[in-house]
Amino acid sequence: MAPKVSPTYTPGPSNYNVAKLLIIGLVFHLVYIGSVFDCYFKSPVVHGMKSYGLTQTGAAAKRLVLIVGDGLRADLLFSLNAFSDIPNSPEVVAPHLRSIVETRGAFGISHTRVPTESRPGHVAIIGGMYEDVSAVTKVDFDSVFNQSSSTYSFGSPDILPMFAKGATPGKVKTWSYNEEEEDFTKDATGLDIWVLDQMKTLFANATANPSLSDELRSDKVVFFLHLLGLDTTGHSYRPHSKEYMENIQVVDNIVRETEKLIAEFYGDNDTSFIFTADHGMSVIGNHGDGHPDNTRTPLIAWGSGIRGPLSDSKPSSHDAYSEPWHLGHLFRRDVEQADIASLMATLIGINWPVNSVGVLPDVNPLLPGYLDTSMQGEEAIAVAALTNAKVILEQYRVKHELKKMHTLIYTPFKPLSDVTTAEDAPQIAEINRLIAAKQWDAACQASFDLIQQSLRGLHYLQTYDRFLIRTFVTAAYIGWAAYASLYLFRPLDHTSAAKLSSPSKSPTISIQTIIGIASWTTLVAFWASFAVQRSPLSFYVYIAFPCYFWNQFLVQVAGMLGTPGKTSQRWKKGLIFVVRSLMVLLALLGMVLGYTHRSIWSIGFGIIGLAWPLSWSQGVRARNWQSLILWISSCLATSIFPLLSVDKSESLVTMCVFFTPLIVNEVLMPFCLWFLSISGGCAIILSGSFAVWQVLRPVKESNTKSRLLRIFICQMVFICITMLITASSVRQLQAKKGLPSLNQWAGWIVLVISSALPFLVGSKGHTKYSKIVMYFLGFGPCFVILSISVEGLFFIAHSAVLVAWIQVEIAVRSSQSHSSPSATTGSDGQEQDAAKDRKAKTNLAQAAVAHKFQMDDLRIALFFLFFVQVGFFGTGKSFYLAPVYRLIPIFNPFYMSSLLVFKIIAPYIMLSVSFAVLNDSLNLPPFSLLLVALTITDGMTLAFFFQVQDTGSWLEIGQSISFFCITSLLLLWSAGICAAGEYLMADVLATSTPSHHLKQT
C-alpha cells in the first residue's frame, strides 16, 4: 500500500477579497454617519397641528419691522470702546441703537444653537424652530411671515427665497440683489445700503399706487431687512477690524433711517421693531460651530407694545461678559433664539408658527419680559402664555399620536399621558380656571410649567428610539472590527486546512448552520417590527450590517474550534495579544483626547520621536544615526504646531516666508512688501533644494540628472511666481480695491499647472525619493497662495517626518530580519514564504491577504493613523476664508470649500506617496497595513458616538458631532490614502519588488 500523504492546503485569495472588504466598509461607514442624526438630531417638523394665536384679543402693533444684522456679535455692538485698538474709533459704535436701549426699548442676548449658520439662524428667528443640526433636512415649515397678512423682505438671495417657498403663494414678497454682488474683496456695506434703498423705493411707489398703499397700510404686515454686510466684512477682515466697525455704523444708520421712513409713511406709533442677528462671528472671521462668540447675538426691541428700559434686578442680570457694556443699571433679558418668533407673533396678533418651540419671554412670571404690560394688561399676558402652551402641547400631542400608532410596545411620557387634544387637556382647563379667577401670575406660572413639560415631552419623543439606535451602532462597529480582523488572522484558511487533514464525519447540523439561521431570524424579526412601526428606511439598513458582520465572524471562528494546537502556546499567544490590545487601546484613547486637547499630538510626537528609539538595540541606533537624527529633529519640529493657537492672522511674512510672524508697522508695510515677497518662499525652496541635492546625488546618468533638475527648477520658479502674485493680491485686498483680474487668472494658472505637473510628468529617470520631492515642490505654490500663517512650515516639517519614518522603519525591520529569519514573515522562513507569495499573488488585493500578519504591523498601523490625524489637526481644524479671496473674491460656497479642501488634501498626498514607499521598502504588499488599521479605527468612532451631545454648551454639541463624523470617515480617508499612494508611485515601485505589484489578471 502506498504511504498516505497528508493533503496540503494553499490559502485561496478568493476567501478574503480586500476590495470587497473596502467596499463594504465604505458603504457601512457612510450609512452609519446618519445614525448620529437619527439618534441625536432629528428634524422636528411634523404636520397636522391645529394653529393657535391671539387674533381674538387685539394686537399691540399693526405692523412689525424685523432687522437682522447677519454675523453681528453682541459684545461688539453693546460694549463701550469695543474697537479701542483702532485709532480714532468712537466710544459708542452704534449710538442710535444704544440710545434705544437706554431710553425706550428692551435688550438682551439671543442665544443661538449650532450650526451657527445663516439658514438655521433665520429659521429659528422667523419659524421659531431649530432645524436639525446637520442643516440638511430642508423641509418646508411654517413661519411668522406665512402667518402675516403680507411680508416685504429685502436682502440676500441665499435667505429670502426659503421663506417665500414655504409660505402661501404671493404672501412673502422678496427683493434680492444678484449673487455676484457678494464680493468678499470689496466694501460690503453697499449690500446693506442697497436694502435700505429698495425699501425707500417701495414706499415711494406706494405714494403713486393706491393698491400698494392699501396693502402696506393693512394690519399684521411684516417688513424684513436682511443686512448681510457684517457677515461678509467679518469673513474678509475679521470682526475686530476697522471695516467691521464701520459696517456696524452703517447698520446703525440704516436702523435710524428705517425708523424715520416708517414714521413718515404711516404717521402713527403702531409699529414694533426687532433688531437681532442670526449668529455671531469668531475672532478669526468664522462661524458655524458653538463658540460663545458665535452663539451670543444682540436683541433689541422697541416700539408699539414693547416695554421701555427697566432698572436692573437683584441678583443682577449682568455678568462678566456684559460688564464692558456699561449697561449694568438696566435689566438685561436674555432669550433663546426661537423665542423671538413667539414675541413677534404676539406683537402683531397672528397665529404662532405651528412648528414653533419658542417661549414668549413674558410667560415666566419670575422675570420681566419684553411686552408692555401697562398697555396690554396682565390678562393679555396670561392669555398669550396660555396660547404659547397650547402651541407646544399641540405639537407634543400630534407626535405622541404618531409614535403611539406606529410603535409595537409604546411607553408614553407620563406627565402628559392623559392628553388627547390641547383644548381638553386637564392642564389647559386649570389654566383657564386661573384666568377666569383673574389670578394672572398663577396662570402664567401654570402655562410656563406646561410649556416646560411639553418641551420635555417633545424631547422624549424625539429621542424615543435612541436606546435602540445606540444598540445597533455598538453592535455594528464592534462587529466591523471583528469582521475586519478575519482578513488578518484568516481563520477560514486554517479551517479549510483542518478539514482537509481530518476524516469526514456523518452529516449533522453544524454550528455554522445554526449561526446562519439565528442571524437571518434576527434580521427578519427586526425588519418585520420596523415595517409594522413604519420606521425610517435607514433602520432596515442599520440592523443589516451587524447581522452580517457577526454572522461572518462567528461562522469562521466557530470553524476553528477543535483545530489542533498546544494549549500552552495558545495561552502565551493570548497573553501577548491582550497586552498588545491594551497598548492599542491606550493609543486610541490618546488620539480621542487629541481631538479636544491638541497638545496630545505634540506628546505623541515626543513618544514616537524620543521614547520609541530607546527600544531599539544600541547597534541599530549606531548604524543608523543619521536617520535617527532626522527622525528625532523632524518629530520635535512637527510637535510645535499643535501647540500653536488656531487663531491665526494674515501675515505676508508667515504666508510667504513661513517663519514666525513679525510685527510690521502699517506705515512700513508698503516699503517692506517687495522684500518680504521676494524672500517669501525661502523656507520651502531651501528645504526643497536640499532634498533635490540628496536625490540627484546618486544619479549617474547625466541626461537623467539634467531632466530631473529641469523639472525641479521649473517647480521652484512656480513658487517664486506665486509669491509675487500673492504679495500683489494681498496688497490690493488690504486696500479694499478688489482683486485684479490679472492676479486672479495668474494665480489660478500657476496653482493648477504647478499642482498638476507631478501627476503629468512621466517616471523616466525617477526614483522613489525623487518623486516624493517632486510632489513636495508641486504643492509649494498651494502653501503660498492659500496659507494664512504657519501652514507652509507645517507642510515642510510634516513631509520631513514622513521621509524620516521610511528610513527608521527600514532600519528597525532590517534588524529584526537579521536577528530572526522568520521575523519578517511569521512563518517557516523568508525564502519559503517569498516563494509562496509569488505563487499565490495575482493582484494587489491578493497580495495584501497573503501577507502574514505580525505584531509589529500593529505599531506601524497606529503610526499611520497618527499621521493621518495629525495632517488635519497639525495647524488647527478651522477653515480660513481669507486666503481664498486671492482666487475667488465672489461668494461661492462650493468653489470656496473646494479650495479649502484642496489645501487640506495636500499634506495627505505626501502621506500617501510616503506610505506607498514605506510598504515597498519593507517588502510588504499594498493595503496589508491598512487591514490592520481597519480593525482598530472604529474604537475611536464608537467612543465619539457616545460622546455626542444634544444639550449643554453649543461648542460641545458642535464639536461632538464633528469629531464623530471625522472618525467615521477615517476608514474612507485611510483607504483613499493607500490607494492614491499605490497609484501615484506605481511606476517607480513596480521595478523594485515585482512580486508585490503584479497587475490584476
*Here is a list of conditions, (1) outside any loop (DSSP other than H, G, I, E, B); (2) open to solvent by less than 20 Å² (accessible area, probe 1.4 Å); (3) under 26 Å from Gly127 (Cα atoms), and Glu215 meets all of them except one; can you say which number that is?*
(2)
*Restricting attention to the stretch 283-311, and to residues there that are open to solvent by less than 30 Å² (accessible area, probe 1.4 Å) and β-branched (Val, Ile, Thr), which single residue is farthest from Arg73 (Cα to Cα)?*
Ile306
*Check whether at least one residue in the stretch 280-294 is hydroxyl-bearing (Ser, Thr, Tyr) and either in contact with a Cys (Cβ under 8 Å, 6 or more places away or on another chain) or assigned to a loop (DSSP other than H, G, I, E, B) (or both), and report yes or no.*
yes
*asked:* Testing Ala206 on (1) more than 30 Å from the chain's Cα centre (by Cα); (2) crowded, with 19+ Cβ neighbours inside 10 Å, one condition comes back false. Which one is that?
replied: (2)
*Residues (small (Gly, Ala, Ser) and under 17 Å from Arg707 (Cβ atoms)) located in the stretch 730-783*: Gly762, Ser763, Gly765, Ser770, Gly778
*Given (1) within 23 Å of Ala882 (Cβ to Cβ); (2) open to solvent by 10 Å² or more (accessible area, probe 1.4 Å), index of the condition Glu257 fails*: (1)
*Which one of the conditions (1) surrounded by 20 or more Cβ atoms within 10 Å (Cβ to Cβ); (2) touching a residue at least 60 places away in the same chain (Cβ under 8 Å); (3) among the hydrophobic types (A, V, I, L, M, F, W, C) does Leu191 fail to meet, given that it meets all the rest?*
(2)
*Please verify whether the stretch 30-46 includes one or more residues that are over 22 Å from Gly121 (Cβ atoms), of a type in the set (Lys, Arg) and part of a loop (DSSP other than H, G, I, E, B).*
no
*asked:* If I filter the stretch 667-687 for residues that are part of a helix (DSSP H, G or I), at pLDDT 85 or above, within 30 Å of Val808 (Cβ to Cβ) and in contact with a Leu (Cβ under 9 Å, 6 or more places away or on another chain), do I get at least one hit?
replied: yes
*For the subset of the stretch 717-748 comprising residues that are under 30 Å from the mean Cα position of the chain (by Cα) and open to solvent by 70 Å² or more (accessible area, probe 1.4 Å), which member is farthest from Met896 (Cα to Cα)?*
Gln734
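A quick yes/no check of all residues on (1) within 14 Å of Lys903 (Cα to Cα); (2) in contact (Cβ under 8 Å) with a residue 60 or more places away in the chain; (3) surrounded by fewer than 22 Cβ atoms within 10 Å (Cβ to Cβ); (4) not polar (S, T, N, Q):
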position	(1), (2), (3), (4)
Val761	no, no, yes, yes
Tyr769	no, yes, yes, yes
Met774	no, yes, no, yes
Phe779	yes, yes, no, yes
Phe795	yes, yes, no, yes
Ser799	no, yes, no, no
Gln807	no, yes, yes, no
*Within the stretch 181-190, can one find any residue that is within 33 Å of the chain's Cα centre (by Cα), modelled with pLDDT under 95 and assigned to a strand (DSSP E or B)?*
yes
_Anything in the stretch 689-711 that is under 44 Å from the mean Cα position of the chain (by Cα), in contact (Cβ under 8 Å) with a residue 12 or more places away in the chain and more than 12 Å from Ser770 (Cβ to Cβ)? List them, or say none._
Ser689
*Is it the case that some residue within the stretch 481-490 is assigned to a helix (DSSP H, G or I), within 30 Å of Ala338 (Cα to Cα) and not β-branched (Val, Ile, Thr)?*
no
*Please work out if Gln694 is over 30 Å from Arg598 (Cα atoms), touching a helix residue (DSSP H, G or I) at 6+ places or on another chain (Cβ under 9 Å) and either open to solvent by 40 Å² or more (accessible area, probe 1.4 Å) or modelled with pLDDT under 85 (or both).*
yes
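Of the residues in the stretch 295-321, how many are of a type in the set (S, T, N, Q), touching a Phe, Trp or Tyr at 6+ places or on another chain (Cβ under 8 Å) and closer than 30 Å to His235 by Cα?
Here the count works out to 1.
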*Can you find a residue in the stretch 286-296 that is touching a Pro at 6+ places or on another chain (Cβ under 7 Å) and farther than 20 Å from Thr174 by Cβ?*
yes
*Take the residues in the stretch 156-180 that are aromatic (Phe, Trp, Tyr) and not in a loop (DSSP other than H, G, I, E, B), then tell me which one is surrounded by the fewest Cβ atoms within 10 Å (Cβ to Cβ).*
Trp175
*Restricting the first residue to the stretch 389-413 and requiring it to be under 20 Å from Phe526 (Cβ atoms), which pairs with a second residue that is outside any helix (DSSP H, G or I) and not aromatic (Phe, Trp, Tyr) meet a Cβ separation below 6 Å and a spacing of at least six or different chains?*
His406/Arg534
*Name the pairs: first residue in the stretch 712-739 and in contact (Cβ under 8 Å) with a residue 24 or more places away in the chain and under 30 Å from Asn247 (Cα atoms), second residue open to solvent by 50 Å² or more (accessible area, probe 1.4 Å) and of a type in the set (Val, Ile, Thr), Cβ to Cβ under 9 Å, at least 6 apart or on different chains?*
Ala727/Ile678
*So is Ala587 assigned to a helix (DSSP H, G or I) and modelled with pLDDT of 80 or more or not?*
no
*Just one of Ala811, Ala800, Ala756, Ala804 is within 29 Å of Gly606 (Cα to Cα), within 30 Å of the chain's Cα centre (by Cα) and not aromatic (Phe, Trp, Tyr); which is it?*
Ala800
*asked:* Which condition from (1) more than 24 Å from Glu117 (Cβ to Cβ); (2) buried (at least 24 other Cβ atoms within 10 Å of the Cβ) is the one that His279 breaks?
replied: (1)
*Can you tell me which residues in the stretch 84-112 are surrounded by fewer than 21 Cβ atoms within 10 Å (Cβ to Cβ), in a loop (DSSP other than H, G, I, E, B) and out of contact with any Gly (no Cβ under 8 Å at 6 or more places or on another chain)?*
Ser84, Asp85, Ile86, Pro87, Asn88, Ser89, Pro90, Glu91, Val92
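The values are calculated or read from the model by the stated rules, or taken from the named source; none is laboratory data. Remember, it's a predicted structure, so these values are computed and weren't measured experimentally. Cβ atoms come from the backbone with ideal geometry, glycine included; neighbour counts cover every protein chain shown. These accessible areas exclude ligands, DNA and RNA; they are computed on the full protein's heavy atoms, side chains included. Shrake-Rupley method; radii C 1.70, N 1.55, O 1.52, S 1.80 Å.
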